[in-house]
Structures are given as structure tokens and as C-alpha cells.
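Structure, as C-alpha cells:
The values are calculated or read from the model by the stated rules, or taken from the named source; none is laboratory data. Keep in mind the model is a prediction, meaning the values are calculated, not measured. Every residue, glycine as well, gets a Cβ built from its backbone with ideal geometry; the counts of neighbours run over all protein chains shown.
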Amino acid sequence: MNLAESAAVEQLLIARGWEKSEDAETADMAIINTCSVRASAENRIFGRLGYFTGLKAVRNKNEFAKYKSFEKATKLVEEHPVPITVVVMGCMAERLLDSLQKEWPVIDYVVGTYAKHHFGDIITAVEEKKEHIQIDDTEKYKFASVSYEQGAKSTFVPIMHGCNNFCTYCIVPYVRGREISRPVEEILHELDILTKYKVLDITLLGQNVNSYKSTYQGKEINFSSLLQIIVDHLKEINSTIGWVRFLSSNPKDFSDELIDVIAKNELICHHIALPVQHGSSSVLKKMNRQYSREQYLDLVKRIKAKIPDVSLTTDIMMGFPTETEEDVELTLDLMNQVRFESACMYYYNPREGTPAAKWEQIPENIRKERLQRVIDLQMIHTDEQMKKRVGQTAKVLVEGISRDNKNELLGKTAQDEKVSFPADKSLIGTFIYVKITALNGHTFKGEIIER
């Protein structure tokens with residue numbers, strides 16, 4: 001989601017005649033897009049703010065500026081100061097809306113979740129060298145018209161925003177707000193634009209895409225219906241888009257209707273991110289995930305029955321308050337049953353303002369040890385699942401030249417796996433078919449075949 005929102009702001013700047021700076025030291029504006037999901041993400045932002053505090057001192061030619069630390073900026077201001085505008089946006093900006101700028105005077109603008117559409121006003125103020133302008137963060141959330149990164153063949157398309165689930169560990173509902181679904185007409189219009197840009201691969205985005213709800217042509221539309229409308233529209237306009245994906249899904253809302261839509265449409269990748277978070281029903285209940293271990297496994301069974309070639313990825317959190325050794329074993333057992341292709345794995349960190357942050361915490365060393373066991377098992381499963389693909393033929397989106405071998409190209413499969421193969425660079429930005437011949441680490445080796 002942050003990548004999509006960053007791309008939308010970047011497109012606005014480019015449309016106004018701005019260009020990417022090769023280096024932050026010489027930029028006229030630096031925009032820091034933030035995340036609050038984990039404390040580590042916020043800590044990195046504080047580090048960046050420290051960097052820009054030093055940089056701004058040099059750009060303003062302050063008396064105590066550390067010029068030796070910023071050689072390019074020092075050269076830039078040899079004769080006179082050159083201002084830089086620092087903007088912080090995203091979830092951390094929303095969470096610390098009233099205090100961030102006071103604690104970090106280097107920041108010129110704090111742009112919360114509901115104020116991103118004011119970027120045009122900020123850009124105008126910078127261009128016209130105006131004093132700081134006030135922006136309103138109390139308005140209704142508005143979707144950007146396009147979240148496209150210039151020249152990209154793969155891009156994100158936000159379809160909903162916010163979350164109503166209130167998992168007890170998660171800060172997202174507090175910083176993103178309640179669920180808002182984007183109108184179908186706006187989504188289809190963006191697909192038309194992406195087709196003109198010759199985009200090949202899109203990912204529909206939302207904190208929980210499965211809870212999408214809207215109306216279209218007088219009918220109530222859910223996520224399953226939206227997916228079918230999108231597929232039909234892409235076919236109708238003869239779109240360049242050949243792959244449709246989506247992130248992220250809450251298992252409690254993953255319907256049989258959705259499974260059927262995925263199974264019958266070739267444009268929809270058979271690659272599903274299905275965050276389980278934990279393998280113990282008691283822990284899932286404490287997390288307020290609103291499904292049990294048994295319900296999750298039954299869902300996986302139904303998905304695999306209708307979509308035999310599906311690849312599943314997941315999120316797993318270890319060390320949540322109340323977790324026991326038995327709960328850990330249940331999680332490992334669930335992993336052994338499902339055999340995920342990959343997983344985002346992390347140990348629980350309390351987030352201020354969430355219910356779980358107030359509960360008795362498991363010591364960090366135990367959290368880390370339990371996480372390591374999950375990581376070790378997932379590495380086995382990933383290797384196992386990828387080895388099964390050797391010898392198969394895969395449709396591949398060619399993305400660029402391999403960094404390891406300049407005579408090879410690098411692409412990705414519908415399962416989002418990397419594959420390298422010898423070919424001419426004229427194929428970059430196209431779909432081809434590749435026979436997978438070997439596995440090198442987590443990258444396939446292959447050779448082009450005719451289809």
C-alpha cells in the first residue's frame with residue numbers, strides 16, 4: 001500500500017514538471033512515507049529524520065552544520081543557502097499527527113492518512129516559495145486516480161482502504177481508519193489508463209480486499225463480483241494486462257464464490273496470500289482473528305480442491321501474549337499440513353494503543369527462539385515447493401537483465417517466483433513461456449520454449 005501511495009505522489013510531482021533527484025542531498029523536496037505496523041519501521045524513520053536534520057542544517061548554511069558529512073549538499077550551497085522541504089506522510093504521520101513536527105522541527109509538513117490529496121497545494125506552496133500552509137486532515141479519505149510508477153510493467157491498484165477487524169495486536173484500524181471501498185467506475189478508469197501505459201501485471205490492494213463492498217449499475221458488488229467485472233473489462237478493452245493479483249485477504253471473508261471466480265479465470269493468478277498469523281485456535285481467538293485453526297485448514301482444503309496448482313503464502317506471528325509451547329507445536333503442525341510456498345514471519349512486538357500491548361508479554365528471547373523454529377521449517381517447505389516446479393513450463397513476465405549474468409534476463413512467474421534464462425533484451429516487458437530447468441537458491445533457471 002505504501003508503494004502504491006508513494007507512486008501516486010510521485011506521478012503528481014512528475015505531472016507538475018518535477019524530476020527525480022539522483023541524491024537526497026541535492027533534492028528540493030524529500031517525502032518520507034511511513035509505516036506504523038511495527039516499531040522497527042518507525043525507528044528507521046527516526047533515523048532518517050536525524051539524517052535530514054543534518055542535511056537541512058547544511059542546506060540552510062547553519063552555523064553548526066556538519067559540512068563534511070554532506071559533500072554534495074556542501075558543494076550545492078557554496079555561494080548561498082538552497083532550501084529543502086521535508087514532508088512526512090503515511091501511517092506514522094497519522095499516528096503522531098500532533099506531536100511529530102514539534103519533536104522534529106526539520107519537518108515542514110506532516111501529511112496524515114486523510115490529507116494526501118493536499119499534496120498539490122504543498123507543491124504549489126514550495127514552487128511559489130510561500131510560507132508554511134495549513135492542511136486539513138479531517139476530511140474523508142480520497143483515493144488517488146492512478147498509483148502507477150513511470151515505466152513499470154507491474155503496478156498496484158488500490159480498491160479499498162482501512163480496516164474494521166481490530167485484531168488485538170494491530171494498529172492499522174487506528175491509523176488507516178474504517179473501511180472505505182473505491183467506486184467500481186474509478187477502478188475501471190484506472191485500468192484503462194494502465195492499459196495505455198502498457199502495464200502487464202496488476203495487484204489489487206486493500207487492508208482486507210475480501211471485505212470490498214460497492215454498487216455498480218444498480219447492483220450490490222462484493223470482491224468476487226468486482227474481480228469478475230475487472231476480468232470482463234480487461235477482455236472488452238483488449239487490455240495489455242495479463243495478470244491480476246490481490247493483497248491482502250482475511251481468511252474469515254474468503255468465500256467459495258471467490259474461489260470459483262479465481263478458478264475459472266486465467267487472468268487471475270493462482271497465487272494467494274492467505275495470512276494465518278497462528279496455528280492455535282486459542283491464540284487466534286485472543287488475536288480476534290474471527291476464525292479457528294480448523295476453519296482455516298478447511299478453507300485451504302477447499303481452495304486446493306478447486307485450484308490444484310495454487311501456491312499459498314502466509315503471515316505468521318510468534319510470541320503473542322498467552323502463547324504456550326503447545327500453541328507453537330500447533331503452528332508448526334499447521335505449516336506441515338498446508339506447505340506454504342513462502343511466509344512473512346515475525347515475532348510479536350507491542351504497538352502502543354492496541355489491546356495486546358497491555359497484556360503480560362512473553363520474554364523477547366523466547367519470542368525470537370520460537371520464531372526461529374518457524375523460519376527453519378518454512379525454509380524447508382519453500383525449498384520443497386520450489387523443487388516441485390523444476391521441469392514444468394511457466395508463463396513469465398520478463399522484467400530486466402539479470403544482475404548475476406548480463407547475458408540472461410530475469411522474470412517472474414504468476415507465483416511471483418524469480419526465473420533467469422538466456423535471451424535477448426528485446427523481450428523485456430513481455431510475456432513468454434519458460435521451461436524451468438533448475439533451482440539456484442530461490443531463483444529458477446530456465447530456457448525459453450515456443451508456445
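Among the residues in the stretch 293-305, are any closer than 17 Å to Leu377 by Cβ and out of contact with any helix residue (DSSP H, G or I) (no Cβ under 9 Å at 6 or more places or on another chain)? No, every residue in the stretch 293-305 fails to be closer than 17 Å to Leu377 by Cβ and out of contact with any helix residue (DSSP H, G or I) (no Cβ under 9 Å at 6 or more places or on another chain). Filtering the stretch 45-66 to residues that are more than 24 Å from Lys129 (Cα to Cα) and surrounded by 14 or more Cβ atoms within 10 Å (Cβ to Cβ) leaves Ile45, Arg48.
Yes or no, residue by residue, for (1) aromatic (Phe, Trp, Tyr); (2) assigned to a helix (DSSP H, G or I); (3) within 28 Å of Leu330 (Cα to Cα):
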site: Asn349; (1), (2), (3): no, no, yes
site: Leu377; (1), (2), (3): no, yes, yes
site: Lys406; (1), (2), (3): no, no, no
site: Leu409; (1), (2), (3): no, no, no
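The condition of being of a type outside the set (S, T, N, Q), in contact with a strand residue (DSSP E or B) (Cβ under 8 Å, 6 or more places away or on another chain) and in contact (Cβ under 8 Å) with a residue 12 or more places away in the chain does not hold for Ile133. Being surrounded by fewer than 19 Cβ atoms within 10 Å (Cβ to Cβ) and at pLDDT below 95 holds for only one residue in Lys368, Lys445, Lys406, and it is Lys406.
Of everything listed in (1) crowded, with 19+ Cβ neighbours inside 10 Å; (2) touching a residue at least 24 places away in the same chain (Cβ under 8 Å), the single unmet condition for Gln228 is (1). When Glu79 is tested against the conditions (1) at pLDDT below 95; (2) under 19 Å from Ser21 (Cβ atoms), the lone failure is (2). The single condition from (1) in the same structural domain as Phe254 (by TED's automatic domain parsing); (2) touching a Leu at 6+ places or on another chain (Cβ under 6 Å) that Ile221 fails is (2). Given the structure, is Ala263 surrounded by fewer than 18 Cβ atoms within 10 Å (Cβ to Cβ), assigned to a helix (DSSP H, G or I), among the hydrophobic types (A, V, I, L, M, F, W, C) and without any contact (Cβ under 8 Å) to a residue 12 or more places away in the chain? Spelling it out, it is not the case that Ala263 is surrounded by fewer than 18 Cβ atoms within 10 Å (Cβ to Cβ), assigned to a helix (DSSP H, G or I), among the hydrophobic types (A, V, I, L, M, F, W, C) and without any contact (Cβ under 8 Å) to a residue 12 or more places away in the chain.
Taking the numbered list (1) outside any loop (DSSP other than H, G, I, E, B); (2) farther than 23 Å from Leu97 by Cα in turn, Thr124 passes all entries but (2).
Considering (1) modelled with pLDDT under 95; (2) in contact with a helix residue (DSSP H, G or I) (Cβ under 8 Å, 6 or more places away or on another chain); (3) outside any helix (DSSP H, G or I), the lone condition that Ala30 does not fulfil carries the number (1). When restricted to residues that are touching a residue at least 12 places away in the same chain (Cβ under 8 Å) and in a loop (DSSP other than H, G, I, E, B), the stretch 33-70 contains 8.
Of all residues being among the charged types (D, E, K, R) and in a helix (DSSP H, G or I) in the stretch 1-27, which is surrounded by the fewest Cβ atoms within 10 Å (Cβ to Cβ)? Just the residue, please. Across the stretch 1-27, the extreme among qualifying residues is Glu10.
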